[in-house]
Amino acid sequence: MSLIKKELEELKIGEFIYKVPTCYIGIHSHFIGGTIMGKGDDDSVVDENLKVHGIDNLYISGPSVFPSFGYANPFYTIAALSIRLSDHLKSKL
């Protein structure tokens, strides 16, 4: 975090303020939005079938394909996406 802060300040892009939490209430295991789903490779990583744009036979399923996060546990959405992907892959065989 300190390297990001320093880089942003040196490039005069902006200010980065990060405060380390003082109290942890548990381990957070849902990393959301790193490989988002969308229509094209200009704004997303995977398509509506969870296939990585431009790479044959590579699929990603999980909360990383979410375009944003909500307030509730994402388990049911993750499970639904996994079942949908499984159905899609079965239909291709």
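Which ordering of Lys5, Lys51 is given by a fewest-first count of other beta-carbon atoms within 10 Å?
Placing the least packed residue first, the sequence is Lys5, Lys51.
Taking the number of other C-beta atoms within 10 Å as the exposure measure, put Met1, Met37 in order starting with the fewest.
Met1, Met37
May I ask you to derive the relative contact order of the chain, considering only C-alpha pairs under 8 Å and at least 6 residues apart, and to give it as an integer percent?
This gives 20 percent for the chain.
Check cross-link reach from Lys92 to the lysines: straight Cα distance under 25 Å, and skip same-chain residues fewer than eight apart.
Filter leaves Lys39, Lys51.
Would you calculate the convex hull of the Cα atoms in the chain and tell me its volume per residue in Å³?
150 Å³
What list do you get for Ile17, Ile60, Ile55 if you sort them by fewest beta carbons within 10 Å?
Taking fewest neighbouring Cβ atoms as first place, the list is Ile17, Ile55, Ile60.
No value in this document is a laboratory result; all are computed from the given coordinates. In this text, all values refer to a predicted model and were calculated from it rather than measured experimentally. Every residue, glycine as well, gets a Cβ built from its backbone with ideal geometry; the counts of neighbours run over all protein chains shown.
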